[in-house]
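Presented below is the structure to which this report refers.
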Amino acid sequence: MDELEIQLERLKKKHQQNYQKQKKPVPPKASDIFTKVLLAIIFVLCSAIYINLSDTNYQNYKETVLTETLSFTKINEWYEKYFGSVLPIELDSTTIPVNKTTNDFKEIEAYQNGISTKIGKGNIVNALNSGILVFQGEKENYGNVAIIQGIDGVDIWYGNIENVNLSLYDYVEKDTLIGSAKDDKIYLVFQKDGQFLNYEEYQKQI
């Protein structure tokens, strides 16, 4: 069993332990449920009315909502401010993520809208920042890509990776396992508010 398989197994066991440590669900109030359902209905109705007004509105909606990556971190902050946590349970605050190691980048070069780099430590790729997985799939010139929207609002693309043990909209802690580099090389892209950042610009922000 190689290092990646060992870490994946540890991650699965840790997730199971965390689940068992979770407190009992807190029954939501009827008013909270009604408010959330009402907000969802209003959003759907407003969207339907907007896109049916004109073809231009439909195209704008498609490009903004259905194509562009939504700012889940900002939405989550706004939601928790007014309506509380989206989670129906309270997690154990003493839980410590597994696989907390830093990446070992080598031979960094410019590539497309970001960089390409070789990675050591068994080709293991760890998150550069905490955030939410908002995309996982193939992208031209990048291979299999995982995009994590960071808590700082920066979308980080991890390209040419495999063995991704995550599901869409999973929360990922900084320095924890994402997957492994294919052929010991990964592609990284940094994007904020629709603009691509170079690696040096991103380094200055963290």
Report summary line: Apart from one, (1) in a loop (DSSP other than H, G, I, E, B); (2) touching a Ser or Thr at 6+ places or on another chain (Cβ under 8 Å) all hold for F135; the odd one out is (1)
**Report entry** Cross-chain or 6+ apart pairs with Cβ under 6 Å, segment 186-204 first and open to solvent by 30 Å² or more (accessible area, probe 1.4 Å), then among the polar types (S, T, N, Q)
**Finding:** Y187/S116; Y187/N160; F196/N113
Query raised in the report: Has segment 39-53 got any residue that is open to solvent by 40 Å² or more (accessible area, probe 1.4 Å), at pLDDT below 60 and not acidic (D, E)?
Result: no
Report summary line: Taking segment 147-206 and keeping residues farther than 15 Å from G131 by Cβ, of a type in the set (S, T, N, Q) and out of contact with any Phe, Trp or Tyr (no Cβ under 6 Å at 6 or more places or on another chain) leaves N163, N165, S180, Q195, N198, Q203
Query raised in the report: Out of all the residues in segment 141-158, is one or more modelled with pLDDT of 90 or more, open to solvent by 60 Å² or more (accessible area, probe 1.4 Å) and in contact with a strand residue (DSSP E or B) (Cβ under 9 Å, 6 or more places away or on another chain)?
Result: yes
Requested in this report: Consider only pairs whose beta carbons are under 7 Å apart and that are at least six residues apart or on different chains; among these, list those whose first residue lies in segment 116-127 and is farther than 15 Å from F190 by Cα and among the β-branched types (V, I, T) and whose second residue is open to solvent by 10 Å² or more (accessible area, probe 1.4 Å) and assigned to a helix (DSSP H, G or I).
Outcome: I124/E3; I124/L4; I124/Q7
Report summary line: Taking segment 104-123 and keeping residues at pLDDT below 90 and open to solvent by less than 30 Å² (accessible area, probe 1.4 Å) leaves I119, G120
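The values are calculated or read from the model by the stated rules, or taken from the named source; none is laboratory data. This structure is a prediction, so every number in the text was calculated from the model and none was measured. Methodologically, a virtual Cβ is constructed for each residue, glycine included, from the backbone with ideal geometry; neighbour enumeration extends over all protein chains shown. The area values use the complete protein model at the heavy-atom level, side chains included, leaving out ligands, DNA and RNA. Shrake-Rupley method; radii C 1.70, N 1.55, O 1.52, S 1.80 Å.
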